[in-house]
Amino acid sequence: MLAMNDAEILQRLSDLSIELPDPPKAVAAYVPVRIAGDVAYVAGQVPVVDGKVLAPGRLGDPDSGPTAEEAAVAAQQAALQVLAALREALGGSFERLAGISQVTVFLATAPDFVEHPQVANGASQLLVDVLGEEGRHARAAVGMASLPLGASVEVAVVASLNS
Amino acid sequence: MLAMNDAEILQRLSDLSIELPDPPKAVAAYVPVRIAGDVAYVAGQVPVVDGKVLAPGRLGDPDSGPTAEEAAVAAQQAALQVLAALREALGGSFERLAGISQVTVFLATAPDFVEHPQVANGASQLLVDVLGEEGRHARAAVGMASLPLGASVEVAVVASLNS
Amino acid sequence: MLAMNDAEILQRLSDLSIELPDPPKAVAAYVPVRIAGDVAYVAGQVPVVDGKVLAPGRLGDPDSGPTAEEAAVAAQQAALQVLAALREALGGSFERLAGISQVTVFLATAPDFVEHPQVANGASQLLVDVLGEEGRHARAAVGMASLPLGASVEVAVVASLNS
């Protein structure tokens with residue numbers, strides 16, 4: 001596969017007026033990204049901006065939950081954190097990244113919620129907008145009973161690397 | 001690993017009186033199958049027949065939910081869609097498929113539901129019946145708060161390929 | 001990557017006064033571990049001791065649920081079962097194991113539960129304590145509506161192997 005062009009990806013982010021967040025830090029017993037051979041496993045990202053969870057609550061809960069539109073923005077933010085984590089783990093450049101293989105979008109939802117695709121598209125579209133065709137992935141979007149920090153969205157990714 | 005024999009697999013499906021469904025289509029930002037090296041990641045499949053979700057509702061919910069038996073049939077259908085997606089992505093033949101590595105069976109359930117294995121076996125058994133020993137996989141079966149389209153079952157798969 | 005030293009890992013377990021449980025058995029249609037190339041996929045492990053589920057129930061449910069501390073011990077047990085399954089699948093030695101790539105910790109929870117990290121650390125810390133730096137992994141911890149056998153914890157793992 002062709003190598004990604006780091007400068008081009010940064011330019012695309014800039015064109016989209018999107019800023020790559022600071023990469024998530026390693027915590028006690030696990031790491032944001034684990035590389036094994038040509039595969040990079042990215043830890044589940046809960047969308048956080050300025051130390052606060054974006055669009056917390058339970059989707060489909062009229063009292064306290066965010067709307068699908070708000071959660072889609074949060075999913076996009078989680079995907080950005082995935083990209084920031086990957087770039088950091090690859091030595092500060094997207095050069096070695098070959099593509100996004102698998103995206104699992106976990107959504108905290110009420111039992112009758114059905115707009116999983118609309119929310120998950122916030123993450124999927126960001127990956128394609130920024131990485132182009134190689135950002136296109138297999139996806140599962142599923143509804144959870146709860147998520148860490150009371151988030152409505154968590155995004156986990158498997159990416160492929162060039163040797 | 002030995003290559004799979006496409007004609008033999010189609011014959012086995014025919015012997016089981018099972019028809020391979022049309023492969024799922026790519027949607028906007030994600031794809032049914034992403035191949036990276038010798039690994040194929042298959043997007044989460046919700047069982048759909050003639051445009052309608054099979055066995056919708058929440059397992060363990062006496063009012064509206066399907067029985068475990070009905071959901072097991074839906075899980076089998078989802079696994080068939082996985083096979084159809086893989087065959088399409090591999091150029092219309094199972095020849096390059098080496099085996100099924102990982103199956104995650106997501107089930108929409110009430111909190112006290114415990115028949116996850118019975119339902120998930122619908123998917124697991126189909127994969128072994130059709131692909132033989134190389135269809136045997138590691139599995140996780142878990143209960144969700146909700147699934148896309150109000151489905152009771154969603155099946156995501158990682159498969160291995162020959163070079 | 002360097003090979004793991006089986007005797008050293010067993011010594012470390014002994015130093016921690018931890019006993020490796022019997023490896024989980026293959027059931028009907030799926031297997032505890034599926035190896036594909038240099039990747040080992042481990043089936044979701046529900047913590048079981050002497051035939052009984054450890055810390056069953058729903059986290060965050062004041063009536064029937066275990067505490068986060070109890071569930072963290074259960075998560076550690078599930079991680080031990082993962083190690084037992086891997087060692088068995090690798091011919092009775094950790095020698096070929098290169099590291100732990102991805103850990104998904106599924107927790108059965110009430111909707112307002114937020115202590116996922118504390119519980120999941122039970123699994124993550126065990127893997128690092130026993131395997132050292134190569135046990136450090138990408139992790140997702142998520143809250144489920146229900147789990148098999150009424151468990152509060154299920155742990156699924158992807159590991160990497162030496163050729």
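Numbers for the structure displayed
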| item | result |
| --- | --- |
| Those residues of segment B:92-103 which are free of Cβ contacts under 8 Å to residues at least 40 places away in the same chain and in a strand (DSSP E or B), in sequence order | none |
| In segment A:104-119, the residues that are facing another protein chain (nearest Cβ under 7 Å) and either in contact (Cβ under 8 Å) with a residue 60 or more places away in the chain or farther than 20 Å from B:G65 by Cβ (or both) | A:F106, A:P117 |
| Residue within segment C:62-72 that is assigned to a helix (DSSP H, G or I) and either modelled with pLDDT under 95 or among the acidic types (D, E) (or both) present | yes |
| Candidate set: segment B:38-55, residues that are more than 15 Å from the chain's Cα centre (by Cα) and free of Cβ contacts under 8 Å to residues at least 40 places away in the same chain; chosen: the one surrounded by the most Cβ atoms within 10 Å (Cβ to Cβ) | B:K52 |
| For A:L20: the one exception among (1) within 17 Å of A:S124 (Cα to Cα); (2) more than 14 Å from chain C (Cβ to nearest Cβ); (3) not in a loop (DSSP other than H, G, I, E, B) | (3) |
| Matching residues, segment B:99-152, being touching a helix residue (DSSP H, G or I) at 6+ places or on another chain (Cβ under 8 Å) and of a type in the set (D, E, K, R) | B:D112, B:E115, B:D129, B:R136, B:R139 |
| Flag for C:E88 being more than 15 Å from the chain's Cα centre (by Cα), surrounded by fewer than 22 Cβ atoms within 10 Å (Cβ to Cβ) and assigned to a helix (DSSP H, G or I) | no |
| Within segment C:40-57, tally of residues that are touching a Gly at 6+ places or on another chain (Cβ under 7 Å) and assigned to a loop (DSSP other than H, G, I, E, B) | 2 |
| Residue in segment A:149-163 that is surrounded by the most Cβ atoms within 10 Å (Cβ to Cβ), counting only those that are of a type outside the set (S, T, Y) and more than 15 Å from the chain's Cα centre (by Cα) | A:L161 |
| Out of C:D6, C:D22, C:D38, sole residue that is at negative phi, touching a strand residue (DSSP E or B) at 6+ places or on another chain (Cβ under 6 Å) and among the acidic types (D, E) | C:D38 |
| Residue ID - farthest from A:V27 (Cα to Cα), chosen from residues in segment C:104-136 that are aliphatic (A, V, I, L, M) and part of a strand (DSSP E or B) | C:A108 |
| From C:V128, C:V82, C:V73, C:V155, residue being over 20 Å from B:A141 (Cβ atoms) and either within 11 Å of another protein chain (Cβ to nearest Cβ) or touching a Cys at 6+ places or on another chain (Cβ under 6 Å) (or both) | C:V128 |
| Some residue of segment B:19-32 being crowded, with 21+ Cβ neighbours inside 10 Å and in contact with an Asp or Glu (Cβ under 9 Å, 6 or more places away or on another chain) | yes |
| Of all residues in segment C:91-106 being touching a strand residue (DSSP E or B) at 6+ places or on another chain (Cβ under 9 Å) and hydroxyl-bearing (S, T, Y), the one that is surrounded by the most Cβ atoms within 10 Å (Cβ to Cβ) | C:T104 |
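The values are calculated or read from the model by the stated rules, or taken from the named source; none is laboratory data. What you see is a predicted model; the values in this text were computed from it and never measured. Heads up, the Cβs are rebuilt from the backbone with ideal geometry, glycines too, and the neighbour counts pull from every protein chain shown.
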